[in-house]
Every structure is written in C-alpha cells, then in structure tokens.
Amino acid sequence: MDDPRLTPARPEVAARHLEGRIDAARFTDGEEYEVVEAAAPLQREPAPDAMLQTQALRGERVAIYDHNAEGWAWGQLNGDGYVGWLPDRALARPGAARTHKVVTLRTFAFPGPSIKLPPVATFSLGSRLAVQRHDGCFAVTDDRLYIPANHVAPLDHAAADFVTVAEMFVGTPYLWGGKTSLGIDCSGLVQVALNASGIACPRDSDMQEAAMGRALSPQEAQQPRRGDLMFWKGHVAIVRDEATLLHANAHHMATAIEGLHSAVARIKSAGSAVSCVKRLD
C-alpha cells in the first residue's frame, strides 16, 4: 500500500502520475510554488488546529494540486516528498533560482546593508535564498534582503560532520513536526543535519530506519560510534560517541545530550526498546 504521507492522493483529487493506480474524482498535473515565509507549517488537515506534520523552509519548492476557499493549498514537498496542507499565504510562484542556503543555526534578514536596522525576517539552517550580489559583508537576495554573507553558502556546500551540525541545536525546544531553531523534533533534527551535510534523508523516523545506512549486528551495536543512528518505535537519536547521544525529545522538551546507556534504560523503562542501530558509512 502506498504511504499516504508520501502519496499525493485524496478521494477528491490526486496527482496525474497516479492515474490508473488509485481512485480519485479528478487528476491534475499540479503547479509549482515555493515557500516565501521563513517556515511554513505542513498540516494533516486544512485547519489551524490540525496536527503539524512537518515544516517547509524558505525557498523550498512544492507541487500544489488543490486549493480550498479557506486559504489552504494541498500538495507535495519536492525535497522529501511529504504531502499535506500549507497556508496559501506562505506560497508564491517560483522567483529567481535559489543559489545559496543558510549554514548557521539561524540568521537575520535586514532591509538594508546595516546590522543596526530592524530585521524583517529570521531564516533557519537550510533555508534557500537567491543571492544576486554582495554588498560589503552582506549577501543581497533577489527580494533585496541583506543577509550576513558568512551565514550563507552555495547550495552544493556540505558540512563535514552532520553530528556537529546537529549539536548546534542543543537547547532548542522540542516541537512535534518542527525543523527550525525555534522548535524541532527527533527526526527533523536528523533530516536537517544530514541535509546540511549533503545527504538526502526522509522525514519521519520510521522512514529513516527503513532507508538510511546499514543495520548493525547485535555485536556491533554494543560499540556504537559517532554518527550512528539509534532507533526506537517512533524515535531516533544520533550517537555522539561511545558514551553519549543527541536527540530532540519530549522527555527534556528540548534537543539534549544524554548518556547513551542511561537514555536507553530510561526509554526502555517507559516501554520501548531499541529497535535498530544504523551506520551510514
């Protein structure tokens, strides 16, 4: 059965490439949009109080297949393929091609070439920008936003160590579905950090467990090393070293560094044992 999180199909409408595979009242090719807000919520239903499934960051492309009268758009993110509802206000037709991405935890966008001006936006790690020129220590975008130049890098830039990227988020509040420095969840942390290192990664922890790396044998798992991913049902953590792990979690309600063995014991006492340890190399 197709995963509904990744399949742009509802009884009312579906993507045309699914025609003949599923039943829907109509099929459409969809239209390409991009996210113009700093972060747009992608929700399960078109309602402000619907569950937050993930977030789409500034500059991310999305195929939109449907709109409703209440200001919501239904579509599929180009990056990880997640399907859901986004606010129409967060979307626009694609502008200039994205050239750079934010490589710091967060950065301010100023309306002119001075850090003394009040910023007009705050962009998170991984946000995509169309940089058209430089003005002193600023990168200037197509919509005339001034970003500290050392906070951005070309799209093909890859961080050397995704664990170091993830460590930048220590102390960030836990937010189900979050992907930014204002709030992030366990699988969002893994995805954002791996993406920053040039590694494609699905969104949810069960998808990551199925798709990423190779499973360690029970013997190998006794000696995890930096960069291994440790999975439980509905949860994932990043191994920092043989003694500690890093994860966004609802126990601390934050991204935290925790003793590996104490974390495993704590989570097991709550009813969940480690299901798998994966190694990416």
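The values are calculated or read from the model by the stated rules, or taken from the named source; none is laboratory data. These figures come from a predicted structure and were not determined experimentally. Because the Cβ atoms are built from the backbone with ideal geometry, glycine has one as well, and the counts that use them run over all protein chains shown. Areas reflect the complete protein model, heavy atoms only, side chains present, ligands, DNA and RNA absent. Shrake-Rupley method; radii C 1.70, N 1.55, O 1.52, S 1.80 Å.
Could you run through region 62-80 and say how many residues are over 19 Å from Ala193 (Cβ atoms) and open to solvent by less than 60 Å² (accessible area, probe 1.4 Å)?
Narrowing region 62-80 to residues over 19 Å from Ala193 (Cβ atoms): 62-76, 78.
Next, from what is left, pick out any that are open to solvent by less than 60 Å² (accessible area, probe 1.4 Å): 62-66, 68, 71-76.
Result for region 62-80: 12.
If Ala90 passes every condition in (1) surrounded by fewer than 17 Cβ atoms within 10 Å (Cβ to Cβ); (2) in contact (Cβ under 8 Å) with a residue 40 or more places away in the chain but one, which one does it miss?
The single condition Ala90 does not satisfy is (1).
Yes or no: Val140 surrounded by 18 or more Cβ atoms within 10 Å (Cβ to Cβ), at pLDDT 95 or above, out of contact with any Gly (no Cβ under 9 Å at 6 or more places or on another chain) and in a strand (DSSP E or B)?
Numbers: surrounded by 18 or more Cβ atoms within 10 Å (Cβ to Cβ): yes; at pLDDT 95 or above: yes; out of contact with any Gly (no Cβ under 9 Å at 6 or more places or on another chain): yes; in a strand (DSSP E or B): yes.
Yes, satisfied.
Only one of (1) over 30 Å from Lys233 (Cβ atoms); (2) among the polar types (S, T, N, Q); (3) touching a Phe, Trp or Tyr at 6+ places or on another chain (Cβ under 8 Å) fails for Gln132. Which number is that?
(3)
Which of the following residues is open to solvent by less than 30 Å² (accessible area, probe 1.4 Å) and assigned to a strand (DSSP E or B): Ala50, Ala24, Ala40?
On the way: Ala50 fails: assigned to a strand (DSSP E or B); Ala24 fails: assigned to a strand (DSSP E or B).
Criteria check complete, one pass: Ala40.
Within region 93-127, which residues are open to solvent by 40 Å² or more (accessible area, probe 1.4 Å), in contact with a Leu (Cβ under 8 Å, 6 or more places away or on another chain) and part of a strand (DSSP E or B)?
Of everything in region 93-127, just one residue is open to solvent by 40 Å² or more (accessible area, probe 1.4 Å), in contact with a Leu (Cβ under 8 Å, 6 or more places away or on another chain) and part of a strand (DSSP E or B), namely Arg106.
Can you name every residue in region 197-238 that is touching a strand residue (DSSP E or B) at 6+ places or on another chain (Cβ under 8 Å), modelled with pLDDT of 95 or more and aliphatic (A, V, I, L, M)?
Result: Met212, Ala215, Leu216, Leu229, Met230, Val236, Ala237, Ile238.
Checking His17 against (1) open to solvent by 20 Å² or more (accessible area, probe 1.4 Å); (2) closer than 30 Å to Arg106 by Cα; (3) of a type outside the set (Phe, Trp, Tyr); (4) not in a loop (DSSP other than H, G, I, E, B): exactly one of these is not met. Which one?
Every listed condition holds for His17 apart from (2).
Here are some residues: Leu189, Leu182. Which one is in contact with a Ser or Thr (Cβ under 8 Å, 6 or more places away or on another chain), open to solvent by less than 10 Å² (accessible area, probe 1.4 Å) and in contact (Cβ under 8 Å) with a residue 40 or more places away in the chain?
Leu189 is the lone residue from the list that is in contact with a Ser or Thr (Cβ under 8 Å, 6 or more places away or on another chain), open to solvent by less than 10 Å² (accessible area, probe 1.4 Å) and in contact (Cβ under 8 Å) with a residue 40 or more places away in the chain.
Of the residues Asp241, Asp185, only one is more than 20 Å from Ser272 (Cα to Cα), at pLDDT 95 or above, among the charged types (D, E, K, R) and out of contact with any Asp or Glu (no Cβ under 9 Å at 6 or more places or on another chain); which? First the steps, then the outcome.
Numbers: Asp185 fails: more than 20 Å from Ser272 (Cα to Cα).
When all the criteria are applied, what remains is Asp241.
Would it be correct to say that Ala160 is surrounded by fewer than 14 Cβ atoms within 10 Å (Cβ to Cβ) and not basic (Lys, Arg)?
Numbers: surrounded by fewer than 14 Cβ atoms within 10 Å (Cβ to Cβ): yes; not basic (Lys, Arg): yes.
Yes; evaluated as a whole, the condition is true for this residue.
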